[in-house]
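What follows is one structure encoded as structure tokens, with my remarks underneath.
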Amino acid sequence: MVGLNGYTLCSGIISEELNGSDYIAIPFRESDANINRVMEIGWISKKNFILSDVGKIYIEEMKRYLKVT
């Protein structure tokens, strides 16, 4: 994104350790037509896929960060 001067919509969770310091999160500004919009964060896996231990830790950390039960 930095090389292309681009942008993306994301959760706003940015790891400087993984991505460097060139990325910043700018909150989405609501308009009259887009009030109280919600971003849904999740994952997709193949049927009967067994999640790795690292994957399980990631999901638990995301739940903890987002305060989801």
Which one of ASN48, TYR58, CYS10 is farthest out on the positive end of the charge dipole of the chain, using unit charges on Cβ (Lys, Arg +1; Asp, Glu -1) and the Cα centre as origin? ASN48
Using only the heavy atoms of the protein chains and a 1.4 Å probe, how would ILE44, ILE24 rank by accessible area, largest first? ILE44, ILE24
Principal-axis tilt of helix 53-66 within the chain, Cα atoms, nearest 10 degrees: 40 degrees
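Report, as a whole number in µm² per second, the diffusion coefficient that Stokes-Einstein gives for the chain at 20 °C and 1.002 mPa s using the Kirkwood radius over alpha carbon pairs.
Working: Rh = 15.1 Å.
Rounded, D is 142 µm²/s.
State to the nearest 20 debye the size of the charge dipole of the chain about its Cα centre, where the only charges are +1 on K and R beta carbons and -1 on D and E beta carbons.
Details: 8 positive and 9 negative charges, 75 e Å.
Using Cβ point charges on Lys, Arg, Asp and Glu, the chain gives about 360 debye.
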With every protein chain kept in place and ligands, DNA and RNA left out, what is the accessible area per residue of the chain? Probe 1.4 Å, answer in Å². 104 Å²
Rank these by accessible area, largest first, 1.4 Å probe: TYR23, TYR7. TYR7, TYR23
Solvent-accessible area, 1.4 Å probe, carbon plus sulfur percent, for the chain: 55 percent
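The values are calculated or read from the model by the stated rules, or taken from the named source; none is laboratory data. What you are looking at is a predicted structure, and each value in this text was computed from that prediction instead of being measured. A quick note on method: Cβ atoms are made from the backbone with ideal geometry, for glycine too, and the neighbour counts reach across all protein chains shown. Ligands, DNA and RNA are excluded from the accessible area calculation, which covers all protein heavy atoms including side chains. Shrake-Rupley method; radii C 1.70, N 1.55, O 1.52, S 1.80 Å.
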